[in-house]
Amino acid sequence: MNSAAQPLFREEQIFRQRRVRILLAIPPAAMFVILVWQVILGHPWGTKPMSNASVIGWTVFLWLVYLRLVTVRLVTHVVPGEVAVGMRGLWRERRIPVSEIKSAKVVTYDAARDYGGYGIRTTRRGKAYIAGGDRGVRLELAKGGAVLIGSARPEELLAAINRHVSTVSMA
């Protein structure tokens, strides 16, 4: 994003899938149980237990990874000349110059059926950036291919793109 340019549109979405957060919490929680059992209560875990320092280190490491993963956000912004979308905290953003956009439209989708779930997905339908919900803007690119940007405010996103691309269709 150009630091001098004010965004015409900006959206930050969190991932709200509770089951994923619970599944991601299992390894650090299990390691915390081992930490309590071995380090605090003094009972070695297994026949060849790790050192207490290793148990503490792995517990801290796994909790840091968990916290990093649950704070990832899907950030979308439109500035004059480009659309940028990316997973802040996990992946670099993708910048799409508006000159490369052939058309754009608001679409409804099923994330699991159409793209295999949430996150950054690449399928035969194109690349998708989805944090949740079932609506977004699909960009058809001039060089071929498509990009789906999931959004809680797809009409506003499309309007911001339309301000700079005269060939974009409002659908």
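The values are calculated or read from the model by the stated rules, or taken from the named source; none is laboratory data. All values derive from a computational prediction rather than experimental measurement. Positions of Cβ are generated from backbone atoms using ideal geometry, with glycine treated the same way; all protein chains shown enter the neighbour counts.
Arg121 meets each of the listed conditions (1) crowded, with 16+ Cβ neighbours inside 10 Å; (2) free of Cβ contacts under 8 Å to residues at least 12 places away in the same chain; (3) more than 20 Å from the chain's Cα centre (by Cα) apart from (3). Taking residues in segment 49-64 that are touching a residue at least 24 places away in the same chain (Cβ under 8 Å), and partners anywhere that are of a type in the set (S, T, N, Q) and surrounded by 15 or more Cβ atoms within 10 Å (Cβ to Cβ), the pairs with Cβ atoms closer than 7 Å and at least 6 places apart or on different chains are Val55/Gln38.
Being more than 20 Å from the chain's Cα centre (by Cα) and buried (at least 17 other Cβ atoms within 10 Å of the Cβ) holds for only one residue in Val83, Val98, and it is Val98. If we keep just the residues of segment 81-128 that are touching a Leu at 6+ places or on another chain (Cβ under 8 Å) and part of a loop (DSSP other than H, G, I, E, B), which is modelled with the lowest pLDDT? The residue in question is Leu90. Right, Leu64: closer than 30 Å to Val137 by Cα, out of contact with any strand residue (DSSP E or B) (no Cβ under 7 Å at 6 or more places or on another chain) and either of a type in the set (A, V, I, L, M, F, W, C) or surrounded by 16 or more Cβ atoms within 10 Å (Cβ to Cβ) (or both) or not? No.
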